[in-house]
1. Diagonalise the Cα gyration tensor of the stretch 126-176 and give the resulting equivalent ellipsoid semi-axes, square root of 5 times each eigenvalue, largest first, whole Å.
2. Subtract the Cα-Cα distance of residue 225 and residue 127 from 0.36 nm times their separation in residues, and report this length gain in nm to one decimal.
3. Using only alpha-carbon positions, what ratio does the radius of gyration of the stretch 72-136 give when scaled by 2.2 N^0.38 Å?
4. If each of residue 144 and residue 87 carries a label point 7 Å out from its Cα toward its Cβ, how far apart are those two points in nm?
5. Under the rule a/c < 1.5 gives rounded, and otherwise a/b versus b/c splits prolate from oblate, where does the stretch 168-238 land using the Cα gyration tensor?
6. Given the options 119, 77, 111, state which has the largest fluctuation in a GNM of the chain using a 10 Å cut-off (strictly under) for Cα springs.
7. In nm, to one decimal, how far is the modelled label at residue 52 from the one at residue 114, with both set 7 Å along Cα→Cβ?
8. What distance in nm separates the simple spin-label points at residue 204 and residue 65, each placed 7 Å from Cα in the Cβ direction?
Ligand SMILES: CC(C)(COP(=O)(O)OP(=O)(O)OC[C@H]1O[C@@H](n2cnc3c(N)ncnc32)[C@H](O)[C@@H]1OP(=O)(O)O)[C@@H](O)C(=O)NCCC(=O)NCCS
């Protein structure tokens, strides 16, 4: 996890610069050729975000589905499977975002990208609001309208999806997905790989266990164990 603050001269951050050890430096693929792994729905969201950021170029998608090779998704070509990574690296591609919706698969492919010596990039929509004091890992996606509040910590590979709210001092674990319009109140801790469904709410100071699932529209009012699945208002474990 990158330990730098998510600063960008103000609260709204489009992934342009970050401060680390007092130095401003370019992050998130400014000037880089970028490849997106995963040509599905989440891949299209990430393509759209990168398209809104200056000086980044998506050169193609990679996807496990060999049948997609040669097709275009959102106007961008699918170049093949992840096996193409070394070849792309030789051609000068340096930045990758793994944009697979499945939390386990996303974390798995992130390891492969690291092993191939490529940089995992973040994609923060220019109209997301990220506190200056929030910290972001790598391969973090923050979609349009999402709000990440003061002192929140977002782990590697996490997705903060469209209009989701991660309130003050929350921790979102690696590979977790906070779905569109979901909201975490202050000081919630979401474990690795957890899935907080569409429009779900988690009240303050709770722990949502690793690899647990919160159903769409649920209101969580008690801690959830690792691997639990909870639905409804108030949420009950099923
Ligand atoms: C929670 C969820 C994962 C459960 O899926 P599942 O394991 O296949 O469960 P089932 O569909 O078999 O449903 C099991 C029971 O839970 C109920 N249930 C399922 N999801 C529910 C929900 N979101 N709210 C209330 N009840 C729900 C079902 O009605 C069923 O009840 P019953 O046993 O009384 O008939 C799924 O329904 C869900 O909400 N997914 C989130 C989708 C989402 O947020 N997508 C956004 C993607 S970006």
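Each reported figure results from applying straightforward, stated rules to the coordinates on display, with no laboratory input. Note that the coordinates shown come from a computational prediction; the quantities given were computed from them, not determined experimentally. Neighbour counts are summed over all protein chains in view; Cβ atoms, including those assigned to glycine, are modelled from backbone coordinates with ideal geometry.
1. Working through the eigenvalues yields semi-axes of 14, 13, 9 Å.
2. Values: separation 98, 0.36 × 98 = 35.28 nm, distance 3.37 nm.
This chain segment gains 31.9 nm when fully extended.
3. Working: Rg = 13.9 Å, N = 65, 2.2 N^0.38 = 10.7 Å.
Ratio of Cα Rg to 2.2 N^0.38 Å: 1.30.
4. Placing both labels 7 Å along Cα→Cβ, they lie 3.4 nm apart.
5. Working: a/c = 1.29, a/b = 1.14, b/c = 1.13.
Since a/c stays below 1.5, the shape of the stretch 168-238 is classed as rounded.
6. Among 119, 77, 111, the largest mean-square fluctuation in the Gaussian network model of the chain belongs to 111.
7. Placing both labels 7 Å along Cα→Cβ, they lie 2.9 nm apart.
8. In this crude spin-label approximation the distance works out to 4.4 nm.
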